[in-house]
Amino acid sequence: ETGVTQSPTHLIKTRGQQVTLRCSSQSGHNTVSWYQQALGQGPQFIFQYYREEENGRGNFPPRFSGLQFPNYSSELNVNALELDDSALYLCATRGEGPYNEQFFGPGTRLTVL
Amino acid sequence: GENVEQHPSTLSVQEGDSAVIKCTYSDSASNYFPWYKQELGKRPQLIIDIRSNVGEKKDQRIAVTLNKTAKHFSLHITETQPEDSAVYFCAADNYGQNFVFGPGTRLSVLP
């Protein structure tokens, strides 16, 4: 198993609510990416943080936002939750350089009712 | 931006047979192509990767081939075993920043 952890494991919210998901980076990894994986689909890139700055974003609305902290842990915040936000949210961390292997966390299963 | 297609979406093979999964990508600037295995309820795990300066890479029963001219790459699993049953995802790097994933292939190895 990797050193990447995520919390919580599961979460149930209702439409319109806000949620914060957390990711703890593997030691030495300064880059974190967040992905949304809907049931039966591949992970979709949300955004990436490198040394506390967002340096890439996928096709997700501004209500998806994030933070990276000095210890390289990270948060994903989603405001005004919609039913379609129900998915597995994965973070992945990697070290310096563009082509290094990324290590996924176990994911947070978000259900929006 | 990069777009990755993957075929087939489902694949059933008899134990001991070979399995092949094919992916195509759109952006010729992509240079790194990882393959992930995801078991039910678990995180994706890297099983093999290939960089654009290599045409083929092998690791025991798993091999990946890359054709940069045609912009396609393939995963080959030989002597399949029941524990190979999972969803497999190919991916391509997007300007060295993030990864674009294919939609996945559900592999079932029948005993």
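Quick notes on this one:
- Over 24 Å between alpha carbons, listed pairs B:Lys42/B:Lys68; A:Lys13/B:Lys37; B:Lys37/B:Lys71: B:Lys42/B:Lys68; A:Lys13/B:Lys37
- Under 5 Å from the amide H of A:Thr5 lie the amide H atoms of A:Ser24, each residue being 5 or more positions distant or on a separate chain, with H modelled from the backbone and absent for Pro and chain starts.
- Rounded to whole Hz, the Karplus (6.51, -1.76, 1.60) HN-Hα couplings of region A:21-38, x for glycine and proline: 10, 10, 9, 9, 6, 5, 3, x, 9, 9, 10, 10, 10, 10, 10, 10, 10, 6
- Shown for region B:68-111: residues covered by the partner protein chains by 50 Å² or more of accessible area relative to the chain by itself (probe radius 1.4 Å), namely B:Gly96, B:Gln97, B:Asn98, B:Phe99, B:Phe101.
- The residues neighbouring B:Asp93, those whose beta-carbon lies less than 12 Å from its own, together hold a net charge of -2 under the Lys/Arg +1, Asp/Glu -1 convention.
- Listed by chain and number, the aspartates and glutamates whose C-alpha is less than 12 Å from the C-alpha of B:Lys57, apart from same-chain residues fewer than 8 away, are B:Asp49.
- In region A:3-92, the trypsin sites (Lys or Arg not before Pro) that fall in loop regions by DSSP, at most 13 other Cβ within 10 Å: A:Arg15, A:Arg51, A:Arg63
- Between the amide H of A:Gly66 and those of A:Asn77, distances stay under 5 Å, these residues lying 5 or more places away or on another chain, with hydrogens modeled in the peptide plane.
- Here the Karplus curve 6.51 cos²θ - 1.76 cosθ + 1.60, taken at θ = phi - 60°, turns the phi angles of region A:3-12 into couplings of x, 8, 10, 9, 9, x, 6, 9, 8, 10 Hz, with x standing for Gly and Pro.
- Taking amide H as placed 1.01 Å from N in the peptide plane, B:Glu15 has its amide H under 5 Å from the amide H of B:Leu110, each at least 5 places away in sequence or on another chain.
- Site pair A:Leu83 and B:Lys71 shows an inter-label distance of 3.6 nm when each label is modelled 7 Å from Cα along Cα→Cβ.
- Taking Lys and Arg as +1 and Asp and Glu as -1, the other residues whose beta-carbon sits under 9 Å from that of B:Val109 total -4.
- In order through region B:46-60: 3J(HN,Hα) via Karplus (6.51 cos²θ - 1.76 cosθ + 1.60), integer Hz, x for Gly, Pro: 5, 10, 6, 9, 8, 9, 5, 8, 10, x, 7, 9, 10, 9, 6
- Alpha-carbon centroid distance for the pair region A:68-105 / region B:22-60, whole angstrom: 20 Å
- Once you reduce region B:64-91 and region A:1-22 to the center of their Cα atoms, the two points are 31 Å from each other.
- Of all DSSP beta bridges confined to the protein assembly as shown, the antiparallel ones make up roughly 90%.
- Under 17 Å from the B:Leu110 label point (7 Å along Cα→beta-carbon), backbone N, region B:1-36: B:9-20
- Chain-alone versus full-assembly comparison, region B:20-53, residues with accessible loss of at least 20 Å² (1.4 Å probe): B:Asn31, B:Tyr32, B:Tyr36, B:Gln38, B:Arg43, B:Pro44, B:Gln45, B:Leu46, B:Arg51
- Mean projected area of the Cα convex hull of the protein assembly as shown, taken over all directions, amounts to 11.9 nm².
The values are calculated or read from the model by the stated rules, or taken from the named source; none is laboratory data. Just so it is clear, the structure is predicted and the values come from calculations on it, not from any experiment. Note: ideal-geometry Cβ built from the backbone for every residue, glycine included; neighbour counts use all protein chains shown. These area figures cover heavy atoms from the full protein model, side chains too; ligands, DNA and RNA do not enter into them. Shrake-Rupley method; radii C 1.70, N 1.55, O 1.52, S 1.80 Å.
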